[in-house]
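The values are calculated or read from the model by the stated rules, or taken from the named source; none is laboratory data. In this text, all values refer to a predicted model and were calculated from it rather than measured experimentally. No Cβ is skipped: glycine too gets one built from the backbone with ideal geometry, and neighbour counts run over all protein chains shown.
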Amino acid sequence: RQAGDEAWAAVDRNSDRQLDLEELAGAAAPHWRPSGKFAPPPRLWTFLWLLARHFGAADLAKSARVSVAAMQGQVAELAWSVRFLDERKALFDDVTGDSDIGDDGGAFGADAWERWRASARERQARRRARARS
């Protein structure tokens, strides 16, 4: 949610808590490379995609703007989307910073993960052995 608020603030140039199609175009424009690749910062691109998806599905003849509050509801839906699992993890790690939470550099690193997997395999083997006897 925090990352969404930061992204909406970056898009909302006139600070009216309404996101316009023109504001989306203005926020996206500096992130186009000469090669034609769209490369915004990781904390921004998912939210630009979400806003573009909203405008793509909307009837622009009626309205070419959406409130920040309405987009915050879509951010919650986005957070559960399997399509953006890697982005969700990257956003989480970026928002939490260098602390003892998260996967990368946190309290549950690769060694802890391997120990957990080994103990899970051992538990499963014991259950299977008990079931056979």
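In this structure, does Trp32 turn out to be surrounded by 12 or more Cβ atoms within 10 Å (Cβ to Cβ), touching a strand residue (DSSP E or B) at 6+ places or on another chain (Cβ under 7 Å) and not β-branched (Val, Ile, Thr)?
yes
Right, Trp45: at pLDDT 80 or above and within 17 Å of Ala3 (Cβ to Cβ) or not?
Judged against the criteria, Trp45 is not a match.
Return the residue satisfying two criteria in turn: it lies in the range 23-56 and is charged (D, E, K, R) and under 20 Å from Val68 (Cβ atoms), and of such residues it is nearest to the chain's Cα centre (by Cα).
Arg43
Of everything in the range 57-79 that's under 14 Å from Asp5 (Cβ atoms) and more than 13 Å from the chain's Cα centre (by Cα), which residue is surrounded by the most Cβ atoms within 10 Å (Cβ to Cβ)?
Met71
Can you tell which of Leu85, Leu78 is touching a helix residue (DSSP H, G or I) at 6+ places or on another chain (Cβ under 9 Å), at pLDDT below 75 and not assigned by the TED database to the domain that holds Asp5?
Leu78
Any idea how many residues of the range 1-36 are charged (D, E, K, R) and in a helix (DSSP H, G or I)?
So the answer is 4.
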